[in-house]
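Q: Structure incoming, see below.
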Amino acid sequence: MDKLILAFSSLPGLLSRGLPERNALIGQLCRQLPVGLEECSFNLALEDPAYPGGAAPIFKVIITLRWLQALDDPSIPLRAALDWSAPLVDDQTKLQVWAVKSFVPWCGERPPLPGEQVPGFKLIVFSYRLAHIDRKTFEDKYRNEHTPKVAVHCPGIGTYQQNFVQRQLHGDILEVDGVAEMNFRTAEDFTERFHANAESGAFIRAGAATFMDNSRAQYFSCTETLWCFP
């Protein structure tokens, strides 16, 4: 596992602040984490019914933290993240944290400076494996069968990341098996170029149905602000 995903139902102590102060606080989190942090992604819900999941977002904020190498002990960055978020939450806040293994089939243009917003919007999809599929088979089919189909039939996706849950470290809002992250540079890349042709959507869903439960998938549309480290 090389990545943590932190999902907050609310984060009032952060969202009530202006953008410069908000970015400074996220930069503070990055400095408190173990060395080797490669990327910090701050994802803020688009509460807009025009986007998948936007009518009633399951989370307000999702923060992802990815390291250059696998984490020996994810409890160390977990504790740092919990300590950082403690003064920013309230009694109503629910937090879910997963330790995941990440896979990035392709990566589009990323902001050159830390704390810049990624153009367009991002779609995060929480997925569940079928009951008779074990985690190893789920990951194998997702990476090696599903990914090539997405590459051909979903040309609008600018950056595509797959995350396979290894451990649920905190909370019990969702007990998922996979978390996909898809960036679209423009709204048109999603509305007009998400699928290559009229049959692509059904083809992708049919393939996914061999290993994941499409009926349980949950969607989170957001803007993304990114910190990348050399």
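The values are calculated or read from the model by the stated rules, or taken from the named source; none is laboratory data. As the structure is a prediction and not an experimental result, all values here were calculated from the model. In this analysis, Cβ positions are derived from the backbone assuming ideal geometry, glycine residues included, and neighbour counts consider all displayed protein chains.
Q: If PHE203 meets every condition in (1) within 18 Å of the chain's Cα centre (by Cα); (2) part of a helix (DSSP H, G or I); (3) surrounded by fewer than 20 Cβ atoms within 10 Å (Cβ to Cβ) apart from one, which number is that one?
A: (1)
Q: Consider LYS136 against the criteria (1) basic (Lys, Arg); (2) within 21 Å of TYR219 (Cα to Cα); (3) out of contact with any Gly (no Cβ under 8 Å at 6 or more places or on another chain); (4) not in a strand (DSSP E or B): it satisfies all of them except one. Which criterion is unmet?
A: Result: LYS136 fails condition (2) only.
Q: Next question, about the same structure. All but one of (1) over 19 Å from the mean Cα position of the chain (by Cα); (2) closer than 26 Å to ARG135 by Cα hold for ASN197; which doesn't?
A: Condition not satisfied by ASN197: (2).
Q: Would segment 53-68 turn up any residue that is of a type in the set (S, T, N, Q) and more than 29 Å from PHE190 (Cβ to Cβ)?
A: No, because not a single residue in segment 53-68 is of a type in the set (S, T, N, Q) and more than 29 Å from PHE190 (Cβ to Cβ).
Q: Cβ-Cβ under 6 Å, sequence separation 6+ or interchain: first residue in segment 67-95 and under 24 Å from PHE229 (Cβ atoms) and at pLDDT 95 or above, partner in a strand (DSSP E or B) and among the polar types (S, T, N, Q). Which pairs?
A: The qualifying pairs do not exist here.
Q: Looking only at segment 206-226, count every residue that is surrounded by fewer than 16 Cβ atoms within 10 Å (Cβ to Cβ) and either assigned to a helix (DSSP H, G or I) or at positive phi (or both) and tell me the total.
A: The number of residues fulfilling the criteria is 4.
Q: Which of the residues that make up segment 1-30 are farther than 20 Å from PHE229 by Cα and either surrounded by 14 or more Cβ atoms within 10 Å (Cβ to Cβ) or in contact (Cβ under 8 Å) with a residue 12 or more places away in the chain (or both)?
A: Passing the criteria: ALA7, PHE8, SER9, SER10, LEU11, PRO12, GLY13, LEU14, LEU15, ARG17.
Q: Filter segment 35-52 down to residues that are in contact with a Leu (Cβ under 7 Å, 6 or more places away or on another chain) and within 21 Å of ALA187 (Cα to Cα) and give me whichever is surrounded by the most Cβ atoms within 10 Å (Cβ to Cβ).
A: SER41
Q: Being among the hydrophobic types (A, V, I, L, M, F, W, C) and at pLDDT below 95 is the filter here; which residues of segment 147-175 pass it?
A: ILE173, LEU174
Let's see how each residue does on (1) in contact with a helix residue (DSSP H, G or I) (Cβ under 7 Å, 6 or more places away or on another chain); (2) modelled with pLDDT of 95 or more:
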{"site": "LEU6", "(1), (2)": "yes, yes"}
{"site": "LEU15", "(1), (2)": "no, yes"}
{"site": "GLY27", "(1), (2)": "no, no"}
{"site": "ASP48", "(1), (2)": "no, no"}
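Q: Now for a different question. Please pick out the residue among ASP90, ASP134, ASP83 that is charged (D, E, K, R), farther than 21 Å from LEU25 by Cβ and surrounded by fewer than 19 Cβ atoms within 10 Å (Cβ to Cβ).
A: Only one candidate qualifies: ASP134.
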